[in-house]
1. Calculate the tail of P(r) for segment 183-243: the fraction of all Cα-Cα distances greater than 15 Å, expressed in %.
2. Which peptide among 148-156, 53-61 comes first, and what is the full order, when sorted by highest mean count of other Cβ atoms within 10 Å?
3. Whole-Hz ³J(HN,Hα) for each residue in segment 449-461, computed from phi via Karplus 6.51 cos²θ - 1.76 cosθ + 1.60 with θ = phi - 60°, x for glycine and proline: what do you get?
4. Between residue 485 and residue 434, what FRET efficiency follows from the Cβ-Cβ distance if R0 is 60 Å, with the result rounded to 0.05?
5. What dipole magnitude, in Debye to the nearest 20, does segment 1-133 give about its Cα centre under +1 on Lys/Arg Cβ and -1 on Asp/Glu Cβ?
6. In nm, what is the difference between 0.36 nm times the number of residues separating residue 518 and residue 477 and their Cα-Cα distance?
7. Search the structure for amide H atoms under 5 Å from the amide H of residue 417, placed 1.01 Å from N in the peptide plane, and list their residues when 5 or more places away or on another chain.
8. Would any residue of segment 336-361 have its amide N under 18 Å from a label point 7 Å out along Cα→Cβ of residue 582? List them or say none.
Amino acid sequence: MRPAAPDLRAFVLAAPGEDPAAALAALAAAGVPGASVIELDRPGAWATARNAALSQAQGSAFLALIEAAVSVGPGWLAGCLDLCGDERLGAAGGPVTAAGPVPGGLDAVRHAQVLGLTGSSGLSSGNAILRTAALRAVGGFAPARGHRAAVDGLADWQLALEAIAAAGWVVRRDERLAATRDLAGVGFGKLLGRRLQTGARSAELAPETSPARPVAGALRGAAAAATRLARADGAGAADRLAWAAASAGAALGPLVAHSGLQPDCSSTPWRPSVAAPLPGPVRARLRRRPRARQGDRTILLYHRVCELGEDPLAVNVAPARFAEQIEVLARSGRVATLAEVAEGVAPPASVAVTFDDGYRDNLEHALPVLERTGVPATLFAASGQIARGEGFWWDTVARLLAAGIATGQPGPLTVELAEGERSWRPGPGTPLPALLGQIHAALRPRDAAAIRAAIAEIARWSGQPSEPPERDRPLTVEELRTLASAGPFDVQSHGRDHLSLALVPEAVRADDLAAAAADLEQMTGRRPTQLAYPFGVPGTDVDTATQRAAAAAGYELAVVNAPGRVESADRFAVPRRAVPDIGGEAFSAWLGCG
């Protein structure tokens with residue numbers, strides 16, 4: 001049933017100095033007066049402007065993103081009215097055609113992407129409507145510096161549409177949302193710059209779609225352009241020059257596109273932590289991280305040892321393969337404790353074994369193998385989960401999502417978070433890993449209370465209880481004591497509530513670290529001196545403030561979840577290698593035990 005009026009907030013996005021009057025007039029003529037104008041704070045900053053529109057659209061079910069050079073047609077609003085009534089719709093757009101001649105007489109279809117007429121998704125970034133809760137659910141638009149010539153439907157725009165579709169929403173192209181784009185300000189030189197930039201961005205983002213031999217392609221295109229020009233075929237020459245520019249961009253790749261694809265902020269309202277910009281290709285070569293060397297010490301990271309079946313987060317090693325791996329280590333004669341490896345007192349090439357979280361399967365399946373082989377290990381236990389007998393939330397989310405998809409739960413899965421609703425629409429074809437990744441990213445920066453509330457909403461949607469099955473539960477306090485007294489395991493801290501410590505307030509972080517140490521001292525009779533940061537990704541879950549907090553809480557050593565050289569590491573950011581679910585022979589090759 002079509003709503004009487006769309007709950008739609010329209011925004012016109014204008015590059016610096018660009019006049020939005022024509023776009024505003026076209027929207028008003030279509031029945032959408034009062035659209036808001038967002039001017040880019042610098043050329044190319046499209047992602048920032050789109051995220052600003054999403055922030056301002058709070059309370060609206062849909063937002064429309066119209067670029068200043070785009071004029072919607074008279075039937076645009078009528079099309080929106082029908083589309084907004086489709087409860088499955090995540091995003092939609094219509095065809096965008098050139099309002100006048102194309103620069104250089106180029107074929108508008110062959111060069112639609114760089115002309116801003118369509119993106120690789122079939123939609124144009126300059127003429128679209130999106131469901132706000134679905135866009136929030138995928139983290140909004142990935143922040144990027146952008147580039148003044150990057151009008152190509154790649155990067156933040158394309159990634160957002162792919163994520164919305166992966167979350168189960170329908171992304172639709174509808175002829176009723178037709179619009180035109182004014183190309184009067186796009187001279188042929190500017191268009192060549194766009195082709196160069198798009199070729200480079202494609203090489204970085206989607207190398208499989210880039211020209212196979214870009215240097216040869218650029219030379220052939222230039223030669224073909226000269227031939228066409230000699231025949232007085234100006235349009236043909238322009239076309240070949242444009243493709244030559246695209247091939248040249250693909251050949252230059254990161255030298256041309258790198259900076260425009262890097263984040264321009266450290267967080268957004270929907271992405272509390274954004275990875276830091278990567279150094280440019282030249283600087284990266286000059287500041288390359290030290291490579292692993294023969295004889296380097298290694299710290300291994302395990303989580304679970306059980307027959308898990310589907311493992312979307314890749315945290316499990318099957319018991320038989322775990323036994324093979326530990327037997328390889330035992331035969332190598334290279335095993336040592338975590339402290340010996342991290343402090344450099346173990347012999348070169350020594351290996352330490354660590355576990356995170358505190359699953360019951362560590363007692364059931366890992367302990368007997370360690371006892372039989374004499375291999376020591378460290379268990380970093382999340383004390384609050386163990387004290388409460390509460391399942392680890394990522395397991396609960398995965399189980400509830402799988403159950404909801406399997407039973408075909410109707411309607412969207414909506415979770416209310418501090419910044420607004422986030423909605424997913426899982427269906428029979430929705431890929432669980434992609435969906436779980438989006439929800440994991442949404443919940444990871446929250447405190448324990450917010451995560452519990454979100455899980456209650458997911459459980460209601462799925463129709464399943466949130467309590468963990470026996471397979472997924474953590475150790476009990478008594479089981480932790482048994483494991484701690486058994487010999488191979490040294491129990492250390494993984495925080496109390498498994499929080500991303502870099503993303504919570506300072507007081508919450510300090511309390512969690514101190515409480516975890518007190519908990520484990522009470523549970524095992526020994527105060528922990530070592531810490532594994534929950535989640536543990538440097539730059540996301542661990543920052544300088546987190547390392548200082550660990551030291552202030554009395555810990556003497558802390559490990560992260562990232563590979564690197566133990567020998568050159570800060571003692572509060574010691575690297576570890578996550579172990580894959582592979583057999584003994586493959587493990588030996590992976591570790592370098594040959």
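The values are calculated or read from the model by the stated rules, or taken from the named source; none is laboratory data. Keep in mind that this is a model prediction, so the values were computed, not measured. Cβ coordinates were reconstructed from backbone atoms using ideal geometry, including for glycine residues, and neighbour counts include every protein chain displayed. Accessible surface is based on the protein model in full, side chains and every heavy atom, while ligands, DNA and RNA are left aside. Shrake-Rupley method; radii C 1.70, N 1.55, O 1.52, S 1.80 Å.
1. Within segment 183-243, distances greater than 15 Å cover 56 percent of Cα pairs.
2. 148-156, 53-61
3. 5, 5, 5, 4, 5, 5, 5, 4, 5, 5, 5, 4, 5
4. For R0 = 60 Å, the calculated efficiency reads 0.90.
5. Values: 7 positive and 10 negative charges, 40 e Å.
The calculation lands at about 200 debye.
6. 13.4 nm
7. Excluding prolines and chain starts, which carry no amide H, the hits are 422.
8. Residues 351-354 qualify, since their backbone N sits under 18 Å from the label point.
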